[in-house]
1. List the residues of segment 60-80 whose backbone N lies under 19 Å from a point placed 7 Å from the Cα of GLN200 along the Cα-to-Cβ direction.
2. Suppose we keep just the DSSP beta bridges with both residues in the chain; what percent of those would be antiparallel, to 5?
3. Which net charge results for the neighbourhood of THR102, defined as the other residues with beta-carbon distances under 10 angstrom from its beta-carbon, given Lys and Arg at +1 and Asp and Glu at -1?
4. Specify the angular offset, from 0 to 90 degrees and rounded to the nearest 10, of the alpha carbon long axis of helix 196-205 from the longest principal axis of the alpha carbons in the chain.
5. Once the piece of chain linking ALA168 and GLN42 is laid out straight, how much longer is it, given 0.36 nm per residue of separation minus the C-alpha distance between them?
6. Taking 2.2 N^0.38 Å as the expected size of a compact globular protein, what ratio does the Cα radius of gyration of the chain give against it, to two decimals?
7. Sticking to Cα atoms, compute the Rg of segment 77-120 to one decimal and its Dmax as the biggest Cα-Cα distance, whole number, in Å.
8. For segment 78-150, what is the Kirkwood hydrodynamic radius in Å, using each pair of distinct C-alpha atoms?
Amino acid sequence: MLGGQDHALPSSSRIQQVGIMGGTFDPIHLGHLLAAETALDQCGLDQVWFIPTNVPPLKAGEQGTDAETRLRLVRLAIKSQPKFQALPIELERGGVSYSIDTVSALQESYPEYAFHYIIGSDRIHDLPRWHRIEELAALVRFIGVERPDELVDLAKLPVPIRERVTMASMPPIGISSTAIRARLLAGRSIRYLVPDAVYQEVVVEGLYGSRSDY
Ligand code: ATP
Ligand code: MG
């Protein structure tokens with residue numbers, strides 16, 4: 001083998017920069033996808049892993065859609081972007097999904113990767129309430145994106161957390177899963193708010209109380 005002290009590392013040896021897109025995805029919509037694409041594009045990420053939450057700590061008591069359906073919709077939504085993948089790690093672990101447990105497990109399994117946690121405005125403001133946030137903030141940096149219904153005020157965050165948040169700028173997308181569920185229940189269209197494959201699946205399967213006549 002040739003000695004190789006002074007040459008550049010082959011690209012396969014470069015540290016992979018991985019974005020974590022966590023959420024309930026109930027259902028996944030264009031806001032989630034554009035947030036992930038923005039982080040990929042602006043923050044030098046190599047991939048983004050979509051990690052559906054099993055039981056979200058800060059939504060305790062809310063009855064959501066079953067995990068299998070949410071995961072299926074995530075997979076349909078991301079199938080045309082090879083740099084996105086779905087990771088059912090929190091669903092497989094079961095119970096309440098704490099991000100610190102997920103990130104610790106990922107770092108153990110992929111010690112050669114660097115992880116970046118992507119979050120929208122609402123979750124940025126929630127950060128001080130996250131389980132073991134100091135430990136989590138030491139392990140990952142957060143990539144923040146603004147939601148038009150909740151403008152980001154980083155000054156609200158304690159300094160040690162604020163220092164770990166980098167904002168990326170995405171075109172404002174005023175879509176939420178809550179609004180999508182409400183539209184479907186009211187018999188309204190969600191076409192173009194979600195990827196077409198997700199729209200088709202929701203309508204064909206009658207998910208979220210949707211009716212198939214739109
Ligand atoms: P729900 O209304 O059920 O809470 P949601 O639309 O907020 O759903 P989540 O699954 O709770 O979606 O969010 C997952 C992540 O995506 C969070 O970090 C959230 O802030 C972010 N996010 C969701 N919608 C948008 C959006 N329209 N623009 C930017 N970020 C978003
Ligand atoms: Mg939410």
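1. Only 69-80 fall inside the zone, counting backbone N under 19 Å.
2. Within the chain, antiparallel bridges account for around 5 percent of the total.
3. That sum, taken over residues with Cβ under 10 Å, equals -1.
4. Roughly 40 degrees, rounded to the nearest 10.
5. So the chain would gain 44.7 nm between ALA168 and GLN42.
6. On the way: Rg = 18.3 Å, N = 214, 2.2 N^0.38 = 16.9 Å.
Dividing the Cα radius of gyration by 2.2 N^0.38 Å gives 1.08.
7. 11.9, 31
8. This gives a value of 13.8 Å.
Coordinate-derived values only; no laboratory data. Please read all numbers here as calculations on a predicted model, not as lab measurements. Positions of Cβ are generated from backbone atoms using ideal geometry, with glycine treated the same way; all protein chains shown enter the neighbour counts.
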